[in-house]
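Okay, so here's the structure we're looking at.
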Amino acid sequence: MVDSLTCGDVPCASGMPTLGLGTWQNDDRDQCVESVKTALSTGYRHVDTAQAYGNEDAVGEAIAESDVPREEIFLATKVWIDDLDYDDVLESTEESLKRLGVNAVDLLYVHWPAREYEPEETLPAFDDLRDEGKIDRVGVSNFEPEDLRTATDHLDAPIFANQVECHPKLPQEELREVCREMGIELVAYSPLARGEVFDVPELEAIAEDHDASAAQVSLAWLREHGITAIPKATGREHIRDNFASLSLSLSAEEVETIDGIPERERTVDPDFAPW
């Protein structure tokens, strides 16, 4: 697993690189393998997948074929909502490890607090996996403040991260504050609002001033707020464009302008969501 003191050329948050590659909807095997390998060769050291994405085997193949040693890669996956009772967490995680071709993952998330999720049944399994050395950190995803507080009552391990949709059109101020108070890292999926950031005038104006893209501005804004971003990208150009956001610094005034964007939009909103 990743050395907690180093993250290559990417800034770290408690040993987790603050920019990673998301792989949601990257379910063509060859494309997924190629995109993960491209990201690793570009400098990414954080790869995020999930049981529900159907691509853990492709992610594992890419890691095995990459020149980057496994111990330099922060690898995260998630347990789907149908496999959240105690025994199913253990069994499905073993299957994930086999598909990924690894002995352990750096971070394992509860994908949603939904369907088979029962804190008193689900979370002790995560503790046991951590005790067995099969996961290094416990994470949750799509948890609201009350979900986080309840989860801590049923875990011995700390909650390392909460992965949620977060971007300039869904800044998650309350949840960010709760996570700060609880010592939980916030990880942003869909950090580009599934492409909606390209239609925000404030982002376009700031991007023009920096000779950058709206995507880079959005990712830099997240980083300014201490949020880890895992943008999905499959093509070499987008993978590299997102990585270049690490070189972009925003002024306090520019961050304030983005904070003030009035539009609000949630792009991921299934019927079983907790909000």
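Residues that are acidic (Asp, Glu) and under 19 Å from residue 136 (Cα atoms) were ranked within segment 71-86; the one that is surrounded by the fewest Cβ atoms within 10 Å (Cβ to Cβ) is 71.
What are the residues in segment 40-53 that are within 19 Å of residue 235 (Cα to Cα) and not in a helix (DSSP H, G or I), if any? Residues satisfying the conditions are 43, 44, 45, 46, 47, 48, 49.
Residues in segment 98-118 that are open to solvent by less than 20 Å² (accessible area, probe 1.4 Å) and either farther than 14 Å from residue 80 by Cα or touching a helix residue (DSSP H, G or I) at 6+ places or on another chain (Cβ under 7 Å) (or both): 100, 104, 105, 106, 107, 108, 110, 111, 112, 114. Looking only at residues in segment 38-70 that are over 18 Å from residue 188 (Cα atoms) and in contact with an Asp or Glu (Cβ under 6 Å, 6 or more places away or on another chain), the one that is most open to solvent (accessible area, probe 1.4 Å) is 54.
When restricted to residues that are over 23 Å from residue 85 (Cβ atoms) and under 15 Å from the mean Cα position of the chain (by Cα), segment 136-171 contains 4. Inside segment 244-275, residues that are within 20 Å of residue 220 (Cα to Cα), without any contact (Cβ under 8 Å) to a residue 40 or more places away in the chain and of a type in the set (D, E, K, R) make up a count of 2.
Take residue 140 and decide whether it is touching a Lys or Arg at 6+ places or on another chain (Cβ under 7 Å), modelled with pLDDT of 95 or more, under 15 Å from residue 50 (Cα atoms) and outside any helix (DSSP H, G or I).
Working: touching a Lys or Arg at 6+ places or on another chain (Cβ under 7 Å): no; modelled with pLDDT of 95 or more: yes; under 15 Å from residue 50 (Cα atoms): yes; outside any helix (DSSP H, G or I): yes.
So residue 140 does not fit the description; no.
The values are calculated or read from the model by the stated rules, or taken from the named source; none is laboratory data. Quantities reported herein were computed from a predicted structural model and do not represent experimental measurements. Cβ: placed from backbone, ideal geometry, glycine included. Neighbour counts: every protein chain shown. Surface accessibility is based on the protein's heavy atoms, side chains included, excluding ligands, DNA and RNA. Shrake-Rupley method; radii C 1.70, N 1.55, O 1.52, S 1.80 Å.
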